[in-house]
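The values are calculated or read from the model by the stated rules, or taken from the named source; none is laboratory data. Fair warning: this is a prediction, and the values are worked out from it, not measured in the lab. Heads up, the Cβs are rebuilt from the backbone with ideal geometry, glycines too, and the neighbour counts pull from every protein chain shown.
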Amino acid sequence: MVRLASLTALVGVALVVLPGATAAGRGPAAESRVISGGAIAAAAHRVGADGVTNAEIADHVAAQARSGRLVDSKAVRAAPVGGGSLTWEAGTVINEARLYRSAAAGSSSRPGDVLELAFLSGEDPASTGPADVGVVGAGLGSASYTGGTRLTSGCQTWTVNGNSVTGCYQKFKPTNDGSSTRDYYAYNRWATAVGKTDFIFDWKPVYVDIRSRPFVGYESRTRGMTDYFPRDSTELCQAGSGIDVGVGSLSLKIGITDCSGKYPIPNATTKTMGLIYDSGFIFPGVRSKGVEFEMEVWNSQGGAVPILGDYNYGKFCYATLLNCSGTLGKNGW
């Protein structure tokens, strides 16, 4: 099979291994796709001047409203991607989407299935900020804050076959960071992977991986990463509680979920922060899993505001107890 990394330069390419081909340990059929950001943007829909919308945009707005985050439908974009739909908000750019699905080892009467979804996104360098989105309310994964300003925020959701990965971000600047040489910023990230409800078995998100780093082409705006949360997996053990973090005068209160199976992956050298959830097993599992982290970055005082890019990944398994292997690479992440 052609390596996914070799396809990233191709616009909108879909590589399909038809039934009868093999993927090691995964049965007779497998499919891999890499969809470029250009192809996604070209296929995007938005609400027209008459207010007419499509179902995907309406679903995105409704899902955000259920989490306590009200978004103007006119600021939402939607595109058909990978046999499903990808939605995002103004101020956010989608750089690439990757999909892998195949049969997996299941019972003798019903083979299992594996679905992997990954997309690269981030703050749009051309965005003018939160006014583009018109967000009202914090949302379940958002941070409440004092002593600073929210500069940007956005959420994106990719749904395929009823399984979805939603990735969100917020960027803040303290009113007073206490430094005469640096400007500090806080970046809050959270994501939720939700499996499809089925008649016999539910699809389960067994692995969720989110990461953030300086946006490609704008690395010089981020001179360093000074702090992050969580420091280790034991800091996320009280589901439904919150943690206070921040820098300078900025105080953020972030809601947290169960820490079980979560592992932070900071890298100060590459100015990257991430968090991985690994269930460690497939059955019984849970149908919805949330992850979250916060990172603090800086630039020289008076320098341009850092722009961050994000990686969002979820692996879902259905009707398989022993094997839920995946193949998607992280393309430099």
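Pick from the stretch 190-206 the residues that are assigned to a loop (DSSP other than H, G, I, E, B) and charged (D, E, K, R): which of them is surrounded by the fewest Cβ atoms within 10 Å (Cβ to Cβ)? The qualifying residue surrounded by the fewest Cβ atoms within 10 Å (Cβ to Cβ) is D198. Checking each residue in the stretch 237-268 for being basic (K, R) and either part of a loop (DSSP other than H, G, I, E, B) or modelled with pLDDT of 80 or more (or both) picks out only K262. Please determine, by comparing only the residues of the stretch 301-330 that are closer than 19 Å to G154 by Cβ and part of a loop (DSSP other than H, G, I, E, B), which one is farthest from the chain's Cα centre (by Cα). Per the stated criteria, the residue is V305. If only residues of the stretch 271-283 that are in a loop (DSSP other than H, G, I, E, B) and at pLDDT below 95 are counted, the one that is farthest from the chain's Cα centre (by Cα) is F283.
Restricting attention to the stretch 142-162, the residues that are surrounded by fewer than 24 Cβ atoms within 10 Å (Cβ to Cβ) and not hydroxyl-bearing (S, T, Y) add up to 7. I'd like to verify a number: residues in the stretch 215-236 that are part of a helix (DSSP H, G or I) and at pLDDT below 95, how many? Within the stretch 215-236, residues that are part of a helix (DSSP H, G or I) and at pLDDT below 95 number 4. Screening the candidates G154, G167, G141, G122 for the property of being within 22 Å of the chain's Cα centre (by Cα), outside any strand (DSSP E or B) and either modelled with pLDDT of 90 or more or not hydrophobic (A, V, I, L, M, F, W, C) (or both) yields one hit, G141. Restricting the first member to the stretch 166-184 and to residues that are touching a residue at least 24 places away in the same chain (Cβ under 8 Å) and more than 30 Å from G195 (Cβ to Cβ), and the second to residues that are part of a strand (DSSP E or B) and among the polar types (S, T, N, Q), the beta-carbon pairs closer than 6 Å and six or more apart or on different chains are K173/T149; D183/N299.
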